[in-house]
Amino acid sequence: MKFRTLVEPPEPMRGLEVPPAVVEALGGGARPPVTITVNGHSWKSRVAIMRGRHLLGLSNANRTAAGVATGDEVEVDLVLDAEPRVIVEPPDLAQALDAEPAARAAWDKLAYSHKREHVRAIESAKKPETRRNRIEKAMATLRG
């Protein structure tokens, strides 16, 4: 579904406002998961609600990749993202989770975004000991 909107300044959230009619037409609820395309650049996100407005976050990286700046009027192509969001567990994390059924059960209940953050932290470690520490930190969180 295409619509035009302005790239808003960073106060309180840099982003793109989505008309309520577009959110309704998508049929995914008030905060649907979506694929956003601006100027040929696509990313996945979820519609947010802030101060009664439907918004799409627009990070510096996505703004740069789409070639847009604050104040620009842009055409947004918004598609409901019906694909299940799946996080691929790094083998060492999967092994730790499988060794502790309670932690595995807690992991399986986590939202996609929380799993993604744990995996990003683990995979961004440059040293093996940092990676091990981050896995242990994730496990401690899941145990607690």
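The values are calculated or read from the model by the stated rules, or taken from the named source; none is laboratory data. As the structure is a computational prediction, the values presented were derived from the model and not from experiment. Glycine also receives a Cβ, built like all others from the backbone with ideal geometry; neighbour counts cover every protein chain displayed.
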- Item | Residue in segment 111-128 that is aromatic (Phe, Trp, Tyr), under 15 Å from ILE87 (Cα atoms) and crowded, with 16+ Cβ neighbours inside 10 Å present | no
- Message: Can you pull out every residue in segment 55-74 that is surrounded by 14 or more Cβ atoms within 10 Å (Cβ to Cβ), at pLDDT 95 or above and small (Gly, Ala, Ser)?
- Response: ALA65, ALA66
- Task: Considering each of VAL22, VAL74, VAL34 in turn, give the residue that is touching a His at 6+ places or on another chain (Cβ under 9 Å), of a type in the set (Val, Ile, Thr), touching a residue at least 40 places away in the same chain (Cβ under 8 Å) and not assigned by TED's automatic domain parsing to the domain that holds ARG116.
- Result: VAL22
- Query: Considering only residues of segment 24-41 that are among the hydrophobic types (A, V, I, L, M, F, W, C) and assigned to a strand (DSSP E or B), which is nearest to ARG4 (Cα to Cα)?
  - Reply: VAL38
- What residue, among those in segment 86-102 that are closer than 27 Å to ARG46 by Cα and in contact with a helix residue (DSSP H, G or I) (Cβ under 6 Å, 6 or more places away or on another chain), is surrounded by the most Cβ atoms within 10 Å (Cβ to Cβ)? LEU93
- When segment 15-37 is checked residue by residue, the ones that are crowded, with 17+ Cβ neighbours inside 10 Å and farther than 11 Å from VAL76 by Cβ are VAL23, LEU26, PRO32, PRO33
- Query: Looking at segment 38-51, which of its residues are more than 15 Å from the chain's Cα centre (by Cα) and surrounded by 16 or more Cβ atoms within 10 Å (Cβ to Cβ)?
  - Reply: VAL38
